[in-house]
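Just so it is clear, none of the values below were taken in a lab; they were calculated from the coordinates. Please read all numbers here as calculations on a predicted model, not as lab measurements. Because the Cβ atoms are built from the backbone with ideal geometry, glycine has one as well, and the counts that use them run over all protein chains shown.
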Amino acid sequence: MQTCLILDDYQEAALGLADWARLSDRVAVSSITDHVADQDALVARIDQAEILVIMRERTPFPAALLPRLKLLVTSGMRNLAIDVAAARAQGVTVCGTESSPTPPTELTWALILGLARHLPLENRNLRDGGPWQSTVGTDLAGATLGLLGLGKIGTRVAAIGRAFGMRVIAWSPNLDDTRAAAAGVERAETKEDLLEASDVVSIHLVLGDRTRGLLGDAELRRMRPSAILVNTSRAPIVDQAALVGALEEGRIAGAGLDVFETEPLPADSPFRRLPNVLALPHVGYVTRDNYRTFFTQAVEDIEAYLAGSPIRLLG
């Protein structure tokens, strides 16, 4: 009997959203519902497992420290927390699952609307008996939505922006006029042009060498003082210290953030206290249907591995 551990099952949802009983005659499955940040403590809890199921980049994979591990399954087909080459050198099979672009698209718009209409403050005032109507919202119709990245998620965000009556522009290192036109958006010549023209800037790029630190202090200073920045992609695309400075000094109106360089977010992070930040605990992909896909396909991956059948290999 092999042991399978599901890591970072914060909502205690994993076991109820897939038919793990299909594995019961060969694999003992259980989940860890708390986040274990200390690597030594983590290794002590998981080093007897032959199979691990992990959720995106919630926990780095300590490849060299897990000699019993044979199969590593991640949600999605990209996970920067896994050194795939090191895992394979150790004889670990690394595979993934599908992931829908719909949940992060919808959450992006929750952040945009929440900031544009000051929803957290107005809701808090209503609950606490504060002022009745204390803010003036920002219209999206007629405003310009600037998208850094026009892939599967960015294209869907663009379609919703057009439905709101927004002008939509986009930029990425590889974006051309043909692909922009197919998505019904205008292509900005440079990211600086996009930042200067946009009322809402939303990031939908993959983190890599070309995008890490893409927005620093100089770039943020090109944004309008009335503009908001939304990041549901990866935190290091934006220089975090520069972003804190822009928010503290009021050089941009606000930021909607679902991703952070350290997760869970430290208790003393400025993003927890800044009044012009709407921050969420990386829940962009956390929906029932998406989780059902993740864990159902994790079961399928484990079955395929045990049977020696083709499997959804990473990279």
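Before moving on, here are some points about what is shown:
- Across the stretch 102-279, the mean sequence separation of Cα contacts (distance under 8 Å, 6 or more residues apart), normalised by length, yields a relative contact order of 19 percent.
- Helix-only [θ]222 nm of the chain, DSSP H runs n ≥ 4, -39500 (n - 2.57) each, per residue, nearest 500: -9000 deg cm²/dmol
- Whole-Hz ³J(HN,Hα) from phi, Karplus 6.51 cos²θ - 1.76 cosθ + 1.60, for the stretch 147-157, glycine and proline x: 10, 8, x, 9, x, 4, 7, x, 5, 5, 4
- For the stretch 1-75, applying the loop criterion from DSSP together with a ceiling of 14 other beta carbons within 10 Å to the GluC sites (Glu not before Pro) yields 12.
- Hz values of 3J(HN,Hα) by residue in the stretch 39-47 - Karplus curve (6.51, -1.76, 1.60), Gly and Pro given as x: 5, 4, 5, 5, 4, 4, 8, 10, 6
- The stretch 268-282 and the stretch 9-36 have their alpha-carbon centroids 31 Å apart.
- Of the residues 250, 175, 125, the one whose Cα sits farthest toward the positive end of the charge dipole of the stretch 102-279, with +1 on the Cβ of Lys and Arg and -1 on the Cβ of Asp and Glu, is 125.
- Full extension of the chain between residue 39 and residue 176 gives 45.0 nm of extra length, using 0.36 nm per residue less the Cα-Cα distance.
- Cα pair count fraction exceeding 19 Å, expressed as % - the stretch 102-279: 55
- Semi-axis lengths, Å, the stretch 181-315, gyration tensor of Cα atoms, sqrt of 5 times eigenvalues: 34, 20, 13
- Among the listed values (i) 1.04; (ii) 1.09; (iii) 1.22, the one matching Cα Rg over 2.2 N^0.38 Å as calculated from this structure is (ii).
- For residue 117, the residues whose amide H sits under 5 Å from its own are 138, ignoring neighbours fewer than 5 places away on the same chain, with H placed 1.01 Å from N.
- Dipole magnitude for the chain: about 440 debye, using +1 per Lys or Arg Cβ and -1 per Asp or Glu Cβ, origin at the Cα centre.
- Of the GluC sites (Glu not before Pro) found in the stretch 91-125, the ones in coil according to DSSP and having at most 14 other Cβ atoms within 10 Å of their Cβ are 98.
- Take the Cβ atoms of residue 50 and residue 159, set R0 to 30 Å, and the FRET efficiency comes out at 0.10.
- For the stretch 42-88 and the stretch 200-260, distance of Cα centres in Å: 30
- In this simple spin-label model, placing a label point 7 Å from the Cα along the Cα-to-Cβ direction at both residue 78 and residue 2 gives a separation of 2.8 nm.
- Radius of gyration and Dmax over the Cα atoms of the stretch 266-315, both given in Å: 18.3, 54
- The phi torsions of the stretch 94-108, fed into the Karplus equation with coefficients 6.51, -1.76 and 1.60 and a -60° offset, translate into couplings of 10, 9, x, 9, 6, 8, 7, x, 5, x, x, 4, 5, 5, 4 Hz, rounded to whole numbers, with Gly and Pro shown as x.
- Additional length obtainable on full extension of the chain from residue 221 to residue 100, 0.36 nm per residue less Cα span: 40.2 nm
- Top of 280, 119, 52 by mean-square fluctuation, Gaussian network on the chain, Cα under 10 Å: 119
- Of the GluC sites (Glu not before Pro) found in the stretch 236-289, the ones in coil according to DSSP and having at most 16 other Cβ atoms within 10 Å of their Cβ are 249, 261.
- Close amide H contacts of residue 143 (hydrogens built in the peptide plane, cut-off under 5 Å, sequence separation of 5 or more or a different chain): 167.
- Taking the chain and dividing mean pair separation by its residue count, relative contact order in percent (alpha carbons under 8 Å, at least six apart): 17
- Computed label-point distance, nm, for sites residue 132 and residue 113 using a 7 Å Cα→Cβ extension: 2.5
- Taking amide H as placed 1.01 Å from N in the peptide plane, the amide H of residue 172 sits under 5 Å from that of 149, each at least 5 places away or on another chain.
- Selected from 99, 238, 259, residue furthest toward positive end of dipole (the chain; charges at beta carbon): 99
- The chain - share of DSSP beta bridges that are antiparallel (%, nearest 5): 5
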